[in-house]
Amino acid sequence: MQFGRVNPATLNDIDFKLPAEPVFNKAALRGKPSGRPDFRLGCTSWNRKEWVGNVFPKGTKEKDFLTRYAKVYNSIELNATHYRIYPPDTIRKWKEKVAGQDFLFCPKVPQGISHYSNLVNAMDQTSAFLEGVVEFGEHLGPIFLQLSESFGPSRKSNLFNYLASLPVDLEFFVEVRHPDWFSDPRHSQELFSTLRNLNMGAVITDTAGRRDMVHMHLPIAHTFIRYVGNHLHPTDYSRVDDWLNRIRYWMDHGLENTWFFMHMPDETAVPELSAYLAGRLEAICGLKVPYPQTHSDNTLF
């Protein structure tokens, strides 16, 4: 992910500390969850040829990438659906690749809807998109809507009306990027309150150049974190620890589900940071998740 990228020489000068816990979250986090909290870790694509010989065993064919990916991660931020609407038969083929695995797809709303429609007269496209992704069945995780940086609070009625039109039997998260959503508390509070009323979540995007998007608000007792690392810079590791300590606090107060997706400007380093996160997750939160295993030859499988 290039969004929020900064000159690496400035990373030590950025305050990466997570903001204080918002009072707003008390309405969503009302006590310990009834069951064991779920943690989903993933990347943005399984189609990584550079992972053959480290993340994927040597000789893995491209047709088997998804099956192999589902053995080392338990979720994926499915960015492929942002660029086109896939028909149900394609979705069913992807589902078959992960049959029998505890694995969930989190499809991203197509840009034809999120970026180019202004969220007006978008129901035909939305219906076609949803008709496809529901074919994931038991492997469907939350769907997330990412708005462009130009979509500000002046168009909030478009956003709120569109969200209210979505089916209530599916889970949705929303990512806003226009700075005005965060610079004026009136806009951010209206956004988060609307999401709470609609039983939808707010994506938290942690990237170096846009610290305002680390808003920490939980309209519901689920969180969806898009974490952008910086090529295994030392701050990548301390930031992961900070996040896991906050997630542990949220879990202790009723957080039910966490979706944590790793991004980097160059995705080749994602598996190593994922392995670090998984180890710290067990130590801090007492949870185990699949992750690329490091072996004595320093390769990842």
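The values are calculated or read from the model by the stated rules, or taken from the named source; none is laboratory data. What you see is a predicted model, and the numbers here were worked out from it, not measured in a lab. Methodologically, a virtual Cβ is constructed for each residue, glycine included, from the backbone with ideal geometry; neighbour enumeration extends over all protein chains shown.
Residue 48 falls short on exactly one of the conditions (1) surrounded by 15 or more Cβ atoms within 10 Å (Cβ to Cβ); (2) of a type in the set (Lys, Arg); (3) modelled with pLDDT of 95 or more; (4) touching a helix residue (DSSP H, G or I) at 6+ places or on another chain (Cβ under 9 Å), and that condition is (3). Does residue 165 satisfy being closer than 30 Å to residue 283 by Cα, surrounded by fewer than 21 Cβ atoms within 10 Å (Cβ to Cβ) and among the polar types (S, T, N, Q)? When the stated conditions are applied, residue 165 does not pass them. Can you tell me how many residues within region 98-120 are within 18 Å of residue 67 (Cβ to Cβ) and either at pLDDT below 95 or surrounded by fewer than 19 Cβ atoms within 10 Å (Cβ to Cβ) (or both)? Result for region 98-120: 4. Scanning region 221-236 for residues that are assigned to a helix (DSSP H, G or I) and surrounded by 15 or more Cβ atoms within 10 Å (Cβ to Cβ) yields 235, 236. Checking the structure you have, find out if any residue of region 203-211 is assigned to a helix (DSSP H, G or I) and either closer than 23 Å to residue 36 by Cα or not β-branched (Val, Ile, Thr) (or both). Scanning region 203-211 turns up at least one residue that is assigned to a helix (DSSP H, G or I) and either closer than 23 Å to residue 36 by Cα or not β-branched (Val, Ile, Thr) (or both). Taking the residues in region 121-141 that are acidic (Asp, Glu) and more than 18 Å from residue 159 (Cα to Cα) as candidates, determine which candidate is surrounded by the fewest Cβ atoms within 10 Å (Cβ to Cβ). Among them, the one singled out is 138. The single residue among 273, 244, 255 that is within 18 Å of the chain's Cα centre (by Cα), in a helix (DSSP H, G or I) and closer than 24 Å to residue 35 by Cα turns out to be 244. Inside region 95-128, residues that are in contact with a helix residue (DSSP H, G or I) (Cβ under 7 Å, 6 or more places away or on another chain), not aliphatic (A, V, I, L, M) and not in a loop (DSSP other than H, G, I, E, B) make up a count of 9.
Scan 93, 26, 71 and give me the residue that is more than 25 Å from residue 239 (Cα to Cα) and free of Cβ contacts under 8 Å to residues at least 60 places away in the same chain. None of the others qualify; the one that does is 93. Listed by first and then second residue, the pairs linking a residue in region 186-215 that is aliphatic (A, V, I, L, M) to a residue that is part of a loop (DSSP other than H, G, I, E, B), with Cβ atoms under 6 Å apart and 6 or more places separating them unless they lie on different chains, are 195/219; 202/217; 202/219; 208/4; 208/6; 208/14.
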